[in-house]
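Visitor: Quick one: the structure is below, questions incoming.
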Amino acid sequence: TIIIPVVNRYDLLNRAIRSIPRTDRLIIIDNGRGIEHATSLDSLRDHDGIRETHILSMPESLSVAASWNLGIKTTPSSPMGWLLLNSDAWFHDGAFDAFESATSTEKITLGGQPGWCCAFIGANVVSRVGLFCERFHPAYMEDVDYERRAILHGIDVTHSDALRSEEHTSE
């Protein structure tokens with residue numbers, strides 16, 4: 001399951017989604033309340049590599065932690081875990097496969113710059129660490145808090161270089 005929160009920059013969201021070669025389930029948390037007007041998103045439903053696409057339009061903007069938690073709570077039986085992807089991040093050719101090969105149900109795998117622009121949270125990690133703290137509103141440090149809590153629970157946190165910093169830039 002891939003979870004992507006987005007606020008208004010649907011052009012960047014499209015780039016992120018086009019870089020994903022396959023997934024069983026894509027969940028987009030629309031915190032900008034304008035995704036229905038983004039005509040370029042019509043292609044989402046026709047992406048050959050994505051079996052299911054769910055767009056959750058929020059009545060008000062959630063924090064990033066609340067968005068991630070909503071995606072996880074919406075798919076509690078995700079067998080491997082959850083890939084959290086910033087809407088302005090993307091995978092260059094071959095990077096998705098490289099990143100995916102570094103993931104496990106028992107650990108957190110971080111990729112890109114900054115490290116949490118792409119993060120895989122293994123299914124067994126959430127059962128031990130719990131969800132993200134939503135008190136860091138609207139954002140900042142919820143990822144560091146989660147990483148530290150995971151380490152305290154004996155969870156391995158690894159870094160993948162699948163998203164190279166020179167190829168991941170915010171616009």
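All of the numbers you see were taken from the coordinates with simple rules; none came from a lab. These numbers were taken from a predicted model, which means no experiment stands behind them. No Cβ is skipped: glycine too gets one built from the backbone with ideal geometry, and neighbour counts run over all protein chains shown.
Visitor: If amide H atoms are built 1.01 Å from N in the plane of the peptide, which residues on other chains or at least 5 residues away come under 5 Å of the amide H of residue 23?
Guide: 50, 51
Visitor: Evaluate the distance, in nm, between pseudo-label points positioned 7 Å from the Cα of residue 152 and of residue 33 along their respective Cα→Cβ axes.
Guide: So the two model labels end up 3.6 nm from each other.
Visitor: If R₀ is 25 angstrom, what is the calculated FRET efficiency for the pair residue 97 and residue 124, using the beta carbon separation as r and rounding to 0.05?
Guide: 0.65
Visitor: Tell me, in nm to one decimal, what length is gained between residue 105 and residue 19 on full extension, where the rule is 0.36 nm per residue of separation less the Cα-Cα distance?
Guide: Result for the pair: 28.7 nm of gain on full extension.
Visitor: For the stretch 56-124, just list the percent of Cα-Cα distances falling in each 5 Å bin from zero outward, please.
Guide: Calculated over all Cα pairs of the stretch 56-124, the distribution is 3, 15, 24, 25, 18, 11, 3, 0 percent.
Visitor: Another question, then. Run the simple label-point estimate for residue 51 and residue 8 please: 7 Å along Cα→C-beta, distance reported in nm.
Guide: 3.6
Visitor: Let me ask something else. Under 5 Å between amide H atoms, partner at least 5 residues away or on a different chain: which partners does residue 84 have, H built in plane at 1.01 Å?
Guide: Hits under the 5 Å cutoff: 3, 119, 120, 121.
Visitor: Work out how much length residue 60 to residue 134 would gain on full extension: take 0.36 nm times their residue separation and subtract the Cα-Cα distance, in nm to one decimal.
Guide: Result for the pair: 25.1 nm of gain on full extension.
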